[in-house]
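Quick notes on the structure that follows.
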């Protein structure tokens, strides 16, 4: 397994740790309003997000792009983002409609990617709108988990709305560019 794929696998491995940390009843100073778990979760999420940036850059620069990476990298991103958003929704930080839009888009694109593989035998790599979507989602989530720790400007809230816009746009873009999948065999 090459280094980019190891980084992707590591990101997937961090997800259950992220869940565990958010599920533990850790306490922090009453000044902040969230538990220590939120700080640790933000750090874990940030580390996982950095591995996303690194694995893609390393894979492209060293010509280590693989079908596993093209499939597992976006899957790892989706699992990480959806998990983080579910917890943020559970604690009333993110509205359920935002999480729903993002989860629905992610599941729809995963289904579309599966159809593309079945029809062509190749894995369709992430495109720029999807990369921007992932970037804005990850930054929004980091800021949302850190929102009660001395940041008074609602950066996380602004970024999550921007992420929803990119989520919708990239989903539409992905379906439009791959509409031929639906005309084959119909």
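Quick note: the coordinates plus some simple rules give every number you see, no bench work behind them. Predicted, not measured: the structure shown is a model, and the values here were computed from it. Positions of Cβ are generated from backbone atoms using ideal geometry, with glycine treated the same way; all protein chains shown enter the neighbour counts.
Anyone know which of 144, 107, 14 comes out most mobile in the 10 Å Cα GNM of the chain? Judging by the Gaussian network model, the answer is 107.
Our analysis of the range 3-178 gives Rg over Rh at 0.98, with the two radii drawn from alpha carbon positions and Rh computed by the Kirkwood formula.
What distance in nm separates the two pseudo spin-label positions at residue 57 and residue 9, each 7 Å out from Cα along the beta-carbon direction? About 2.3 nm separates the two model spin labels. In this calculation the C-beta distance from residue 64 to residue 128 is compared with R0 = 25 Å, giving a FRET efficiency of 0.80. Under the simplified labelling scheme, the residue 162-residue 115 pair shows an inter-label distance of 3.2 nm, with each label point 7 Å from Cα along Cα→Cβ. With R₀ set to 35 Å, the beta-carbon distance separating residue 177 from residue 23 gives a calculated FRET efficiency near 0.35.
Taking the chain as a Gaussian network, Cα atoms linked when under 10 Å apart, which of 153, 68, 18 shows the biggest mean-square fluctuation? So, out of 153, 68, 18, the one fluctuating most is 153. Contact order, relative form, for the chain: 23 percent (alpha carbon pairs under 8 Å, 6 or more residues apart, mean separation divided by residue count). Sorted fewest first by neighbouring Cβ atoms within 10 angstrom, 70, 177, 133 come out as 177, 70, 133.
Which shape class applies to the range 36-92: rounded if a/c is under 1.5, otherwise prolate when a/b exceeds b/c and oblate if not, where a ≥ b ≥ c are the square roots of the Cα gyration tensor eigenvalues? Oblate, because a/c is 1.5 or more while a/b does not exceed b/c. Note on the chain: GNM, Cα springs under 10 Å; of 137, 157, 127, the largest mean-square fluctuation is that of 127.
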